[in-house]
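Participant: My questions will all concern the structure given below.
What follows is calculated from the coordinates using simple rules that are stated; it is not laboratory data. From a predicted model like this one, the values you see are computed outputs, not experimental measurements. Cβ: placed from backbone, ideal geometry, glycine included. Neighbour counts: every protein chain shown.
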Amino acid sequence: MTVWMFPGQGAQRPGMALGFDAAPRLLRRAGTLLGADLATLCLNDPDPDRRPDLVQPALFVVGVAAATALLRHAPAPTAVIGHSFGEYAALTAVGALEFGTGLRLTALRAAAMLRCPATGTAMAAVLGLDESAVRAVCAEVAEGGGLVEISNINSPAQVVLAGERAALDEATRLCRARGAFRVRPLRVPYAAHTRLMAPAAAELRAALEEAELRPLNAPLYSCITAEATTDPARVKELLVLGMTHTVDFAAAVRAAADGGHRDFAELGPGSPARLLGLVRAVLPQDNPGLRLVSSDAEARTPQPFQAGRVRPGSSSPHPAVAARPSGGEPGHGG
């Protein structure tokens, strides 16, 4: 029983679609549907972070290309998990979303988030403190009038914060003082998965009311509630909730393991893997099967997962990954 997992914003990298045979066709279609040059962003752009309006739909295309490749060489997944907006590629992989619908929703979602008040907001990944310690820091900052919230719970020792920049700076200071291994600012231009995203959530809700979502061929484990569902109406509710609520990837992974799933495949840009190290950290006693699919070659021939593995010619893994190989690549944004 294999769970297919799709990363969210933060997984982008230069040349992220080069390894997928289906990518050129999907990118041409995406360019026509959106009137935007996703091909350059996914194939040639040395800095995809510079286009936050296009990163989400670009990563959606890469996720669908990865699923297309893996479906040629492996059985369909028995469940899926999407980290943040990775859920849109996950839903396409299990037949719930048509490609064009998923693409338009991810583009609308990104635009809506960028329209939220972004001046003075930021995100940061905290490594080395558990959820309870980070929540205590948020509460302390809130007592002083600052707004900072837990955006992601990625593993027992990796939590992402988001909020007002001054409040985040104070939270960073407190986290470091209480033993955080590192606090890393993220290149995300909004405070994702916080109450500041309420206007974007309203826009997404309106769009989802008009969107066709079919019953899922395999359950989605929600990173908002950890529930497994194949119900389109419930999935729409969860997609809206995810705009303003914490993404608890760790809880979704535990729920999938409790449901009998022992193998986890990450489908996306890779170099390095973003989610597999987190799974290992969440399930340290389970010895889960881990597989990265970041090219057609990896879809054809499974390779042993190595934390922080980088394809030749790509940049080196983040130092925190090398120092803590079980923890996963730090940080995930919207």
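Participant: For Asp263 and Glu140, what is the calculated FRET efficiency with R₀ set at 56 Å and r taken between the beta-carbons, to the nearest 0.05?
Facilitator: The value I calculate is 0.85.
Participant: Take peptides 275-281, 76-82 and line them up by average Cβ neighbours within 10 Å, highest first, as a rough protection proxy. Before the final figure, lay out each step's value.
Facilitator: Values: 275-281: 26.6, 76-82: 24.6.
So the order, starting with the most tightly packed, is 275-281, 76-82.
Participant: Per-residue ellipticity at 222 nm for the chain, helices alone: DSSP H runs ≥ 4 residues times -39500 (n - 2.57), over residue total, nearest 500 deg cm²/dmol?
Facilitator: So the calculated ellipticity at 222 nm is -13000 deg cm²/dmol.
Participant: Compute the Cα gyration tensor for the chain, then decide on rounded, prolate or oblate, letting a ≥ b ≥ c be the square roots of its eigenvalues: rounded whenever a/c is under 1.5, prolate when a/b is larger than b/c in the other cases, and oblate in all that remain.
Facilitator: Judged from the Cα gyration tensor, the chain comes out rounded (a/c under 1.5).
Participant: I need the Kirkwood Rh of the range 121-185: take the reciprocal of the average 1/r across all distinct C-alpha pairs and report it in angstrom.
Facilitator: One decimal place: 11.0 Å for the Kirkwood radius.
Participant: Assuming 0.36 nm per residue, please report the length gained on full extension of the stretch Leu71 to Arg205 beyond their Cα-Cα distance.
Facilitator: The Leu71-Arg205 span can extend by a further 45.2 nm.
Participant: Also, I was wondering about something else. Using a Gaussian network for the chain with springs between C-alpha atoms less than 10 Å apart, which of these wobbles most: Ala162, Ala207, Ala177?
Facilitator: The residue that fluctuates most here is Ala177.
Participant: Would you please give the residues with an amide H less than 5 Å from that of Ile224, counting only those at least 5 places away or on a separate chain, with H modeled from the backbone geometry?
Facilitator: The answer is Asp248.
Participant: Still on this structure: Over what distance in Å are the Cα centres of the range 205-276 and the range 1-37 separated?
Facilitator: Between the Cα centre of the range 205-276 and that of the range 1-37, the gap is 18 Å.
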